[in-house]
Structure formats: structure tokens, C-alpha cells
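**Student:** To start, I am sharing the structure in question, which I have written as C-alpha cells.
The values are calculated or read from the model by the stated rules, or taken from the named source; none is laboratory data. What you are looking at is a predicted structure, and each value in this text was computed from that prediction instead of being measured. Quick reminder, even Gly has a Cβ in these numbers, built from the backbone with ideal geometry, and neighbours come from all protein chains shown.
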């Protein structure tokens with residue numbers, strides 16, 4: 001797997017983590033992150049992820065890879081939070 005594709009996967013997963021951490025109902029930390037800072041970091045990471053994916057793929061494949069990674073990460077993070085917190 002090319003280096004930029006791996007970087008895109010990592011960056012988009014971190015973007016989802018920033019987005020999830022700003023939610024008041026997140027269970028990974030004791031309290032939510034400041035929303036303005038977390039959303040700004042999320043947008044910056046998404047742009048960097050788009051750029052990284054576009055180095056190895058065509059535009060349609062870039063969009064597909066990015067959206068698929070976002071769906072996976074945003075679906076898994078609430079379950080990870082429930083496992084970490086011990087509350088379900």
C-alpha cells in the first residue's frame with residue numbers, strides 16, 4: 001500500500017477522532033474537547049487527508065476512500081468509547 005494512502009487513512013481517522021471528541025456525549029474522555037478547536041483540527045486533518053489520498057488516486061477514488069474511512073471511523077468510535085468507559 002502506498003505511503004500517501006496510509007497517511008490519508010491515518011489523517012482521516014484522526015479527523016474523526018477530533019470530531020467525536022467534541023461531542024458532549026462522547027465517552028472516551030471525562031469531558032468533551034472545546035468544540036471550536038476540535039472542529040478546526042478536524043477540518044485541517046480532512047483537507048490534509050484529501051491531499052494525501054489525491055497523491056496516489058484519482059479524484060473519484062479519493063472521494064470514495066475518504067468517505068469510506070469516515071464512515072468506518074465514525075461508526076466504530078462510539079463503541080470504542082463504550083468499551084473504554086466501561087459503561088454501555
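**Student:** Return yes when residue 14 is touching a residue at least 40 places away in the same chain (Cβ under 8 Å) and surrounded by 15 or more Cβ atoms within 10 Å (Cβ to Cβ) and no when it is not.
**Tutor:** So residue 14 fails the test.
**Student:** Among the numbered criteria (1) closer than 20 Å to residue 3 by Cβ; (2) surrounded by 13 or more Cβ atoms within 10 Å (Cβ to Cβ), which single criterion is violated by residue 59?
**Tutor:** Just one mismatch for residue 59, condition (2).
**Student:** Filter segment 1-29 for residues that are under 17 Å from residue 71 (Cβ atoms) and outside any helix (DSSP H, G or I) and give the result.
**Tutor:** Scanning segment 1-29 gives a single hit, 23.
**Student:** Something else about it: Name the residues in segment 63-88 that are part of a helix (DSSP H, G or I) and loosely packed, with under 13 Cβ neighbours inside 10 Å, would you?
**Tutor:** Correct list: 67, 68, 71, 75, 79, 83, 84.
**Student:** How many residues are in a helix (DSSP H, G or I), farther than 11 Å from residue 18 by Cα and either in contact with a helix residue (DSSP H, G or I) (Cβ under 8 Å, 6 or more places away or on another chain) or modelled with pLDDT under 95 (or both) when one looks only at segment 31-50?
**Tutor:** Looking only at that region, the number is 3.
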